[in-house]
1. Let me spell it out: the conditions are (1) in contact (Cβ under 8 Å) with a residue 24 or more places away in the chain; (2) part of a strand (DSSP E or B), and residue 294 meets all of them except one. Which number is the exception?
2. Within the group 211, 262, which residue is without any contact (Cβ under 8 Å) to a residue 12 or more places away in the chain, under 29 Å from residue 113 (Cα atoms) and not assigned by TED's automatic domain parsing to the domain that holds residue 93?
3. So, in the range 249-259, exactly how many residues are surrounded by 13 or more Cβ atoms within 10 Å (Cβ to Cβ) and touching a Gly at 6+ places or on another chain (Cβ under 9 Å)?
4. Here's a check for you: in the range 1-28, which residue that is in contact with a Ser or Thr (Cβ under 9 Å, 6 or more places away or on another chain) and of a type outside the set (A, V, I, L, M, F, W, C) is surrounded by the fewest Cβ atoms within 10 Å (Cβ to Cβ)?
5. Among (1) under 25 Å from residue 38 (Cα atoms); (2) surrounded by fewer than 16 Cβ atoms within 10 Å (Cβ to Cβ); (3) in contact with a Lys or Arg (Cβ under 6 Å, 6 or more places away or on another chain), where does residue 205 come up short?
6. For the range 250-284, enumerate the residues that are in contact with an Asp or Glu (Cβ under 7 Å, 6 or more places away or on another chain) and part of a helix (DSSP H, G or I).
7. Anything in the range 274-291 that is aliphatic (A, V, I, L, M) and either free of Cβ contacts under 8 Å to residues at least 40 places away in the same chain or within 13 Å of residue 126 (Cα to Cα) (or both)? List them, or say none.
8. Among the residues of the range 156-165, is any more than 20 Å from the chain's Cα centre (by Cα), modelled with pLDDT of 95 or more and not small (Gly, Ala, Ser)?
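The values are calculated or read from the model by the stated rules, or taken from the named source; none is laboratory data. This one's a predicted model, so the numbers in the text were calculated from it and none came from an experiment. Virtual Cβ from ideal backbone geometry, glycine too; neighbours counted across all protein chains shown.
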Amino acid sequence: MRAVIQNSVGGPDVLVIADQPDPTPKAGEVLVRVRAAGINPVDGAVRAGRYKLLGEPPFILGWDISGTVETLGPGVIGLKVGHEVFGMPRFPKQAAAYAELAAVPANEIALKPKSADHPQAGALPLAGLTAWQGLVRHGGLKSGQRVLVHAGAGGVGHLAVQIAKARGAWVASTASPDKLDFVRKLGADEVIDYTSGDFTEKVRDVDLVLETVGGDQTERSLKVLRRGGVLVSLLNVSDAAKAKASAEGIRVERMSVVPDREALLELGRLIDAGKLTVHVAKRFPLEQAGAAHAFLATKPIGKVVLAV
């Protein structure tokens with residue numbers, strides 16, 4: 001099979017196409033013919049050596065997969081050869097999604113939503129699971145609550161806005177000036193240009209904040225939360241911010257996304273119900289993985305995908 005490998009850490013140019021042995025599914029695994037592989041900021045951090053999830057190269061990046069089941073390993077039930085599936089297998093261990101074939105645990109993938117094509121389904125898992133787990137599992141989101149989603153035009157943010165709306169929340173979101181209209185069209189009730197004003201002066205009495213940016217924004221987000229509210233952060237939270245939150249009766253959750261088949265099924269139901277759309281900013285062929293990483297670094301709206 002063809003795969004994108006890297007033999008050293010560095011910039012996007014370290015990603016190269018090479019022939020690799022076809023993987024063989026073990027017990028409980030399936031072999032997937034990859035049709036699309038989503039690219040996420042964590043991929044770039046691992047590629048550059050800033051985040052050593054996979055140790056030292058050589059390795060194959062990628063966790064988001066959409067494709068077709070080609071072979072069943074021993075003991076697999078519930079899936080058949082030819083089924084179209086998607087998921088975020090093995091995270092944070094190597095899933096090797098940037099390839100034509102991937103052997104993955106059957107219990108960490110789900111049937112692809114019928115309303116999504118492979119690039120959309122391949123773009124969904126990591127960002128969608130992050131949004132879902134952040135809002136629902138960690139944040140305990142309930143209908144009627146007030147939610148603030150930071151970076152509402154980003155990969156996680158644009159899905160989180162839609163998920164929160166689908167679950168009956170009032171949603172505010174921050175975005176840059178060129179992305180405000182996009183976030184409004186997602187259904188956000190209030191969209192805040194973070195370059196021209198302080199979001200803490202625009203929104204108050206929030207039940208849940210999904211914090212995707214970090215820095216001083218984490219502590220500033222505490223100002224908009226009511227007592228009893230929840231701050232869910234994708235990034236580390238300082239001790240000072242934790243102490244302030246505790247003093248003000250605010251719960252802080254630092255989350256890391258994990259494979260979650262049930263949540264994949266929930267995301268698929270939202271897509272097929274017309275309540276969730278995955279925005280793919282650009283699709284790249286497998287051999288242009290480096291160019292795809294460089295494009296993602298420009299912070300486009302939505303997601304970037306390798307179409308295999």
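1. (2)
2. On the way: 211 fails: without any contact (Cβ under 8 Å) to a residue 12 or more places away in the chain.
Result: 262 is the single residue among 211, 262 that is without any contact (Cβ under 8 Å) to a residue 12 or more places away in the chain, under 29 Å from residue 113 (Cα atoms) and not assigned by TED's automatic domain parsing to the domain that holds residue 93.
3. Of the range 249-259, the ones surrounded by 13 or more Cβ atoms within 10 Å (Cβ to Cβ) are 250-255, 257-259.
Next, only the ones that are touching a Gly at 6+ places or on another chain (Cβ under 9 Å) stay: 250-251, 253, 255, 257, 259.
Going through the range 249-259 one residue at a time, the tally reaches 6.
4. Step by step, filter the range 1-28, then rank; the result is 24.
5. Here residue 205 meets the rest and fails (1).
6. So in the range 250-284, the residues in contact with an Asp or Glu (Cβ under 7 Å, 6 or more places away or on another chain) come out as 259, 261.
Across the range 250-284, the qualifying residue is only 261.
7. As a first pass, look at the range 274-291 and keep what is aliphatic (A, V, I, L, M): 276, 278, 280-281, 286, 289, 291.
Answer for the range 274-291, where residues must be aliphatic (A, V, I, L, M) and either free of Cβ contacts under 8 Å to residues at least 40 places away in the same chain or within 13 Å of residue 126 (Cα to Cα) (or both): 278, 281.
8. Residues of the range 156-165 more than 20 Å from the chain's Cα centre (by Cα): none.
No, the conditions are met nowhere in the range 156-165.
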